[in-house]
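Step one of this worksheet: look at the structure below.
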Amino acid sequence: ACLRPQSTCICALVVPTPHTTDVLILQHPLEVNHAKNTARLLHLSLPGSRLVVGEVFDDVQLQALVPHGNIAVLLYPPIPAGQVPHATSGPSDTTQLAPASQVTLVVLDATWRKSRKMLHTSPALQRLPRLALSDLPPSAYAIRKAHAPGQLSTLEATCAALAQLEGTPEHFAPVVAAFKSFVAQQAVLTLQQSKPA
């Protein structure tokens with residue numbers, strides 16, 4: 001189910017966790033086969049999520065991916081005015097949003113550089129209201145380099161956003177625990193691969 005080789009299978013880590021918010025993961029093609037990518041674990045852990053691979057998404061594609069009647073909200077930090085032509089700030093305060101059951105959380109799964117390119121080439125994404133996270137604990141994503149303080153993995157950021165939207169901080173703890181086990185597993189594999197034969 002995880003589409004990984006048997007030696008690095010993560011299916012045993014998956015803990016299906018119900019959620020009210022619709023989750024749409026837009027994954028950059030270069031992330032699909034990346035060994036340290038967390039989107040597949042996230043997708044398998046959230047039964048109501050969808051994972052779509054692509055780099056550019058137009059209005060028609062995005063509209064087809066968002067359930068009728070839902071409000072799509074992009075999980076992404078605010079971008080300074082003028083940096084992206086069609087960007088909107090959107091509500092960072094979740095009390096301004098519709099009930100969680102009527103929200104589609106759109107998540108970009110890519111490196112920061114690639115996610116910016118996805119935004120730049122997809123005005124439809126730029127126009128979505130933003131949900132920015134704040135006051136978060138440090139990331140446990142020790143196996144990939146963060147380029148700035150406060151940057152989280154796709155899985156960590158999505159769980160934090162869902163907890164914020166649904167008002168259930170501890171509900172997604174099993175998914176985060178699975179993520180930490182994944183990080184530990186990958187660290188061991190990296191160490192084994194670095195040892196001389």
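The values are calculated or read from the model by the stated rules, or taken from the named source; none is laboratory data. These figures come from a predicted structure and were not determined experimentally. Don't worry about glycine lacking a Cβ; one is built from the backbone with ideal geometry, like all the others, and counts go over all protein chains shown. All accessible areas refer to the heavy atoms of the entire protein, side chains included, with ligands and DNA or RNA removed. Shrake-Rupley method; radii C 1.70, N 1.55, O 1.52, S 1.80 Å.
Tabulated data
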{"item": "The range 49-69, subset open to solvent by less than 40 Å² (accessible area, probe 1.4 Å) and assigned to a loop (DSSP other than H, G, I, E, B), residue nearest to residue 153 (Cα to Cα)", "result": "54"}
{"item": "Count of residues meeting criterion [open to solvent by 40 Å² or more (accessible area, probe 1.4 Å), in contact with a helix residue (DSSP H, G or I) (Cβ under 8 Å, 6 or more places away or on another chain) and more than 15 Å from residue 162 (Cα to Cα)] in the range 8-48", "result": "6"}
{"item": "Qualifying residue in the range 75-95 (condition: surrounded by 16 or more Cβ atoms within 10 Å (Cβ to Cβ) and either modelled with pLDDT of 95 or more or assigned to a strand (DSSP E or B) (or both))", "result": "yes"}
{"item": "Considering residues of the range 8-28 that are modelled with pLDDT of 95 or more and within 27 Å of residue 114 (Cα to Cα) only, the residue nearest to the chain's Cα centre (by Cα)", "result": "25"}
{"item": "Pairs where the first residue, in the range 107-122, is within 17 Å of residue 158 (Cβ to Cβ) and assigned to a strand (DSSP E or B) and the second is open to solvent by less than 30 Å² (accessible area, probe 1.4 Å) and among the charged types (D, E, K, R), C-beta under 9 Å, 6+ apart", "result": "109/31"}
{"item": "Positions within the range 106-156 being of a type in the set (A, V, I, L, M), at pLDDT below 90 and under 17 Å from residue 41 (Cβ atoms), in sequence order", "result": "140, 142, 143, 152"}
